[in-house]
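Scroll down for the structure; my scribbles are underneath it.
None of the figures in this text is laboratory data; all of them are computed from the coordinates on show. Given the structure is predicted, the values throughout are model-derived calculations rather than measurements. Because the Cβ atoms are built from the backbone with ideal geometry, glycine has one as well, and the counts that use them run over all protein chains shown.
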Amino acid sequence: MSSTETATFGTGCFWCTEAIYKELDGVISVMPGYSGGHTENPTYGEVCSGETGHAEATQVVYDPSKISYDELLEVFFKTHDPTSLNRQGNDVGTQYRSVIFYHNDEQKRLAEKYKTELDRSGAWDKPIVTEIAPLKKFYPAENYHHDYYEYNKDKNPYCSFVIRPKLEKFRKVFKEKLKQVGSRK
């Protein structure tokens with residue numbers, strides 16, 4: 001049995017992030033939730049108010065023999081705008097900030113290195129504002145947020161107009177890293 005590791009990212013709306021990471025080969029599970037704030041056991045409504053300090057985040061459990069933390073960071077930086085402070089598209093507020101919550105010193109080192117290299121490369125016209133912070137606590141989101149895109153892709157306009165195009169672009173860019181179609185969960 002292979003060992004697993006965990007990564008936690010905030011890229012704006014966790015519905016988008018969950019849908020993307022779930023398709024990567026080597027990712028075992030993705031849990032939407034909240035992290036980085038001061039309120040214990042926050043609700044979605046409380047986080048959306050911006051009063052809790054939490055970011056919408058996803059916790060990714062993965063098999064490092066199939067996908068590396070560096071590869072997860074590549075997906076992180078290429079699937080959202082890391083130069084936009086407290087906003088992703090029409091989602092505005094600190095709960096939508098770009099953030100990497102590291103679980104150990106190695107993740108911190110890799111995240112800082114990746115961010116620095118991207119900033120130096122000029123990949124974006126503006127500086128990267130992604131926060132890199134220690135994971136203190138992760139609170140799973142309410143059940144109706146789990147697999148949100150899968151259950152709502154034909155019901156919620158946000159899924160059709162925001163998540164679907166993002167997912168389609170991701171599939172083209174990362175096609176060699178995707179699970180086989182029948183094994184996507």
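Overview of results
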| item | result |
| --- | --- |
| Cα gyration tensor shape of the range 32-103, rounded if a/c is under 1.5, else prolate or oblate by comparing a/b with b/c | oblate |
| The range 5-183, relative contact order in percent, only Cα pairs under 8 angstrom and at least six apart counted | 30 percent |
| Cα gyration tensor, the range 5-183 - rounded (a/c under 1.5), prolate or oblate | rounded |
| Convex hull volume per residue for the range 88-185, taking Cα atoms only, in Å³ | 169 Å³ |
| Net charge of Cβ neighbours under 13 Å - reference residue 91; Lys, Arg +1; Asp, Glu -1 | +1 |
| Amide H contacts under 5 Å for residue 83, placed H, 5+ residues apart | 129 |
| Efficiency of FRET from Cβ geometry, residue 104 and residue 124, R₀ 30 Å, rounded to 0.05 | 0.65 |
| Lysines with Cα under 17 Å of residue 137, excluding same-chain neighbours fewer than 8 positions away | 108 |
| Counting DSSP beta bridges with both ends in the chain, the antiparallel % (nearest 5) | 85 percent |
| For the range 22-85 versus the range 114-185, the gap between their alpha-carbon centres in whole angstrom | 8 Å |
| Karplus (6.51, -1.76, 1.60) ³J(HN,Hα), θ = phi - 60°, over the range 135-141, in Hz, Gly and Pro reported as x | 6, 9, 7, 10, 10, x, 6 |
| The range 1-68: translational diffusion in µm²/s, Stokes-Einstein, Kirkwood Rh over Cα pairs, 25 °C, 0.890 mPa s | 194 µm²/s |
| Loop trypsin sites (Lys or Arg not before Pro), the range 59-105, which have at most 15 other Cβ atoms in a 10 Å radius of their Cβ (DSSP) | 66 |
| Size of electric dipole in the chain: Cβ of Lys, Arg +1 and of Asp, Glu -1, about Cα centre, debye, nearest 20 | 500 debye |
